[in-house]
Amino acid sequence: MTDHILVERQGAIQIIRMNRPDKKNALTRAMYAKMSKALAEGDADPAIRVHVFLGVSGAFSSGNDLADFMVVATGGEGGTEVWDFLMALARAEKPMVSGVDGIAVGIGTTLNLHCDLTFATPRTMFRTPFVDLGLVPEAGSSLLAPQILGRQGAFALLGLGEAFSAERAKASGLIYAVVEENELEASVLAAAGQIAAKPPQALKIALDLMRGSREELVARIGQESEYFRERLKSDEARAALMAFMTRKRAGN
C-alpha cells in the first residue's frame, strides 16, 4: 500500500517515513519502490537539500517482509524493487539523516550505514540476522560496516548477528547521537535544517569527498545481491526462513 510510505516536504527537507506500524515497518516491494522514487525525485529537485528517514514509535523497521521473500525462496521471481532502492541509497546525491526508535533489523540497520547522521533512542536495538537466516549481508554493509566499525565490530554485527544497543552503536560509530524518544524527531529535523541551510555547492563537494567513489559501493551491492538471490533459493535458507516463520506464528 502506498500509505505505508509517507513522503512529506518541510521546506528544503524531504521526509520519507515508513508507516506500517501493525507489521513493525516490515518493508514490502511496493514500499521499497516508493522510497526509491522519493529519493530520485528529491535528488532531482533543487529545492530539496536533505533527505530524512523516519519510522513509527517503537519501530524503525523490522526488515524485509518475509512473505515477499518466501515467494522468491519457493521458486518465484521478483525483488528488483529491493535492489533498486539499495542502489538509490548508494547513489543518493544529497545528505541523508535518519531517526531510529525501537526495532531496527536487517535493512532497518543497514540503511543507516548510508546516512550522514543517525539519531537513535535508548530503547533502539540494531541487528542484522542475515547469516542466521541462511543469507548474506546486503545494502553494501559488507563494505561499509568494516569501514565504520572495524573488522571485528562488523563481524559481531553481520556475522554473529549480535544486537547493538543504541549506546554501543554510538560508541562504535554506527550512529551519531542517542536522544530520548520524545526528542527524536525534533533532533533529526533540527539537524536536517542545519544541513539544508549550508551553502549547497560547498556541502555537495564536501559530501562527495567524504563518501569517495561510489563505484566500489555500487559494485559491492551488486555482488551481495547475486549471493543473496542464490542463497534465498538455497535449501539452507529455505529451512531457516521456514523455521523462523514457524516460530513467529507460534509466538516464540
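The values are calculated or read from the model by the stated rules, or taken from the named source; none is laboratory data. Computed from a prediction, not measured in an experiment: that's the story for all the values here. Cβ: placed from backbone, ideal geometry, glycine included. Neighbour counts: every protein chain shown. To get the accessible areas, we keep the full protein, side chains included, count just its heavy atoms, and leave off ligands, DNA and RNA. Shrake-Rupley method; radii C 1.70, N 1.55, O 1.52, S 1.80 Å.
Quick notes
- Placing +1 on each Lys and Arg Cβ and -1 on each Asp and Glu Cβ, with no other charges, gives the range 52-187 a dipole about its Cα centre of roughly 460 debye.
- Of Lys94/Lys233; Lys34/Lys94; Lys24/Lys204; Lys34/Lys198, those spanning more than 24 Å from alpha-carbon to alpha-carbon: Lys94/Lys233; Lys24/Lys204; Lys34/Lys198
- Using the average count of surrounding beta-carbon atoms within 10 Å as a protection proxy, the listed peptides 142-153, 46-57, 108-119 rank, highest first, as 108-119, 46-57, 142-153.
- Per-atom-type breakdown for the range 43-195 gives carbon and sulfur 54% of the accessible area (1.4 Å probe, protein chains only).
- Listed residues Gly193, Gly212, Gly99, most fluctuating in the chain (Gaussian network, C-alpha, under 10 Å): Gly212
- Distance between modelled label sites at Ala202 and Ala40, nm, 7 Å Cα→Cβ extension: 3.4 nm
- Springs join every pair of Cα atoms under 10 Å in this Gaussian network model of the chain, and among Ala40, Ala169, Ala202 the largest mean-square fluctuation is at Ala202.
- Environment charge at Asp116 (Cβ cut-off 13 Å; Lys +1, Arg +1, Asp -1, Glu -1): +3
- In this structure the chain gives 46 Å² per residue of accessible area when probed at 1.4 Å with all protein chains present.
- Cα-centre dipole for the range 109-174 with unit charges at Cβ (Lys and Arg positive, Asp and Glu negative), debye to 20: 140 debye
- Relative contact order for the chain, counting Cα pairs under 8 Å that sit 6 or more residues apart, in percent: 19 percent
- Highest GNM mean-square fluctuation among Lys204, Lys94, Lys34, for the chain modelled with Cα contacts below 10 Å: Lys204.
- Of the options (i) 67, 38, 26; (ii) 56, 38, 32; (iii) 53, 39, 36, only one is Cα extents along the principal axes in Å as computed from these coordinates, and that is (iii).
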